[in-house]
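Asks: This structure is in structure tokens; I'll ask about it shortly.
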Amino acid sequence: MNSRLRIGELLLARQLLSEDDLTAALSQQKVTGARLGKQLIHMRLVEETVLFTLLADQLNIPFVELRDLNLEREALRAIPETLCKRFQVCGLYFEGRELVVGTGDPGDIIGIDEVVRVTGFPVKPVMLVEQQLQSAISIAYSHDGEINQLADEIAADTDTPSVALAQFETGDDASERPVGRLLQKLFDEAIQAGASDIHIEPDKEGLRI
């Protein structure tokens with residue numbers, strides 16, 4: 001979070017932080033080297049959502065909840081993984097040709113400029129709290145390889161185009177079979193993303209989740 005935003009002064013002006021608490025946070029910040037916003041959150045002097053809502057208001061950008069968004073795969077993969085993790089950003093969806101990018105630090109001009117340079121898209125930043133930002137990055141990059149591997153194992157288990165569900169046994173070892181592990185992985189991802197439901201759509205070319 002950019003110090004130019006004068007977070008402490010904003011919080012004091014809104015009576016969301018006392019002078020004593022700000023002094024304590026600034027003192028601790030010298031030890032940890034953390035940015036003031038993260039230091040305040042770590043010390044539980046300000047709630048993360050309160051701080052981000054205030055910053056979003058000051059910067060005139062949206063503060064969003066991940067569960068309210070319709071994430072688009074193309075947008076999630078628009079920014080290289082290394083760039084997402086370096087600048088803590090993640091593509092979320094497109095508005096026309098504009099890439100909507102989740103960030104915990106919209107004041108990081110260098111990071112936003114780098115996203116524009118690498119992707120070639122104009123960027124609209126929106127604010128996400130850190131945990132939700134990490135979830136978005138995880139959705140974009142963490143599990144595809146494992147899911148593809150499990151899908152290959154299921155294909156190897158079945159040598160015919162049509163398979164009866166009864167073929168997949170329900171016993172103590174069911175969770176160790178590829179289909180059981182795939183389902184568990186999907187549930188884990190859904191929980192991590194805060195999803196309300198899972199849609200599985202089969203078509204001629206494959207299975208869309």
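The values are calculated or read from the model by the stated rules, or taken from the named source; none is laboratory data. What you see is a predicted model, and the numbers here were worked out from it, not measured in a lab. Using ideal geometry, Cβ is built from the backbone for each residue, glycine included, and neighbour counts are taken over all protein chains shown. In case anyone asks, the SASA skips ligands and DNA or RNA and just uses the protein heavy atoms, side chains included. Shrake-Rupley method; radii C 1.70, N 1.55, O 1.52, S 1.80 Å.
Asks: Can you name the residue in the stretch 53-111 that is in contact with a Pro (Cβ under 6 Å, 6 or more places away or on another chain) and at pLDDT 90 or above and is also nearest to Met127 (Cα to Cα) among such residues?
Replies: If we filter the stretch 53-111 for residues that are in contact with a Pro (Cβ under 6 Å, 6 or more places away or on another chain), which is where we start, we get 59, 61, 98, 101, 103, 106.
Remaining after also requiring at pLDDT 90 or above: 61, 98, 101, 103.
Values: Ile61: 7, Glu98: 16, Val101: 8, Thr103: 5 Å.
Only one residue fits best here, namely Thr103.
Asks: Take the stretch 36-48 and flag every residue that is open to solvent by 60 Å² or more (accessible area, probe 1.4 Å) and either under 30 Å from Phe94 (Cα atoms) or of a type in the set (A, V, I, L, M, F, W, C) (or both). Let's see the steps before the verdict.
Replies: The first filter runs over the stretch 36-48 and keeps only residues open to solvent by 60 Å² or more (accessible area, probe 1.4 Å), leaving 38, 42-44, 47.
Within the stretch 36-48, Lys38, Met43, Glu47 qualify.
Asks: Suppose we filter the stretch 76-99 for residues that are outside any loop (DSSP other than H, G, I, E, B) and buried (at least 21 other Cβ atoms within 10 Å of the Cβ); how many remain?
Replies: The initial filter retains those residues of the stretch 76-99 that are outside any loop (DSSP other than H, G, I, E, B), namely 76, 81-87, 89-95, 98-99.
Among the residues that remain, those that are also buried (at least 21 other Cβ atoms within 10 Å of the Cβ) are: 84, 89-92, 99.
Adding up the residues that qualify gives 6.
Asks: For the stretch 100-132, which residues satisfy the criterion of being within 17 Å of Glu74 (Cα to Cα) and open to solvent by less than 40 Å² (accessible area, probe 1.4 Å)?
Replies: Hits for the stretch 100-132 are Val100, Val101, Gly102, Val115, Thr119, Val123, Pro125.
Asks: Could you grab me the full set of residues in the stretch 35-63 that are β-branched (Val, Ile, Thr) and farther than 14 Å from Leu11 by Cβ?
Replies: Step one: list which residues in the stretch 35-63 are β-branched (Val, Ile, Thr), which gives 41, 46, 49-50, 53, 61.
Of everything in the stretch 35-63, just one residue is β-branched (Val, Ile, Thr) and farther than 14 Å from Leu11 by Cβ, namely Ile61.
Asks: Turning to a different aspect of this structure: Only one residue in Leu11, Leu45 is outside any helix (DSSP H, G or I) and modelled with pLDDT of 90 or more, so which one is that? Walk me through it before giving the result.
Replies: Numbers: Leu11 fails: outside any helix (DSSP H, G or I).
Answer to the selection: Leu45.
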